[in-house]
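Peer 1: Let me begin by handing over the structure; questions about it come next.
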Amino acid sequence: MGAGHAHQLYRHARSPVHELPPQTKLVAVLGFVVVVVSTPREAVWAFALYALLLAGVAATARVPAGLLLRRLLIELPFVAFALLMPFVVPGEETRVLGVTLSVPGLWGAWNVLAKGTLGVAASVLLAATTELRALLLGLQRLRLPPLLVQIASFMIRYGDVVTDELRRMSVARRSRGFEARGVRHWGVLAKTAGALFIRSYERGERVHLAMVSRGYTGTLPVLDETAATRAQWARAAVLPLAALLIRLPGWTP
């Protein structure tokens, strides 16, 4: 987990959010998501306030609204699924603009969209204000299983390597006049996927042998054990605690 692996999702800036230790931000986002997921779908006002909380975090972190909205496009498959629910979920029906829709389906679609969007937005803000290397250090400081941290580390380190390998294979195909235009070309693409798997597996073996030859024994050293201060934990707790205060009326009789 060496330096120099800043991901394109990270946005360089100086802000109170960027300066928080990664472990505090991980716990804060997890707490916020738990509160959001536990909120009844009928509490529409609560979801609006949650969105305002995230907007405040984005403003504090100097993350532009346009950037945040563009990165939210990753949830489009879930949006498509949610839009189908009013048409396929059985139950009481209502008419909206002349179209018959399922009432349980409408509530289900709202539930998926509201909670999913807020969760994705919180994750986007976390990625935009925390380098991937710092996130791994945060996981180490939170005492997650070392094996899981190592797997995440290698995924981050070699994900781009595998992507570049696939790009080179694509360039090699095009240089030979190949363009996938239909079902009859799926066999070539399948062979490409198989070759990519074999190359990735062989690269993994070479990397493992190189690590063993340098003294790797199955665990990576903890690079930084600096603990967060109480003040830093308190600042990070503002988001989940504010969300919890919004959620509390829903638990009162």
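Peer 1: Name the residue, out of Ala195, Ala172, that is more than 30 Å from Val17 (Cβ to Cβ), surrounded by 13 or more Cβ atoms within 10 Å (Cβ to Cβ) and not β-branched (Val, Ile, Thr).
Peer 2: Values: Ala172 fails: surrounded by 13 or more Cβ atoms within 10 Å (Cβ to Cβ).
When all the criteria are applied, what remains is Ala195.
Peer 1: If you don't mind, there's one more thing I want to ask. Please report, ordered by residue number, the helices (runs of 4 or more DSSP H) entirely within the stretch 43-100 with at least 1 residues that are touching a helix residue (DSSP H, G or I) at 6+ places or on another chain (Cβ under 6 Å) and free of Cβ contacts under 8 Å to residues at least 24 places away in the same chain.
Peer 2: Result: 76-88.
Peer 1: Further question on the same structure: Given the structure, is Leu139 at pLDDT 80 or above, touching a Pro at 6+ places or on another chain (Cβ under 9 Å) and outside any loop (DSSP other than H, G, I, E, B)?
Peer 2: yes
Peer 1: Then there is this: Only one residue in Thr60, Thr24 is touching a Phe, Trp or Tyr at 6+ places or on another chain (Cβ under 8 Å) and modelled with pLDDT of 90 or more. Which one?
Peer 2: Matching residue, one of Thr60, Thr24: Thr24.
The values are calculated or read from the model by the stated rules, or taken from the named source; none is laboratory data. The shown structure was predicted, so the numbers you read here are calculated from the model rather than taken from an experiment. Cβ atoms come from the backbone with ideal geometry, glycine included; neighbour counts cover every protein chain shown.
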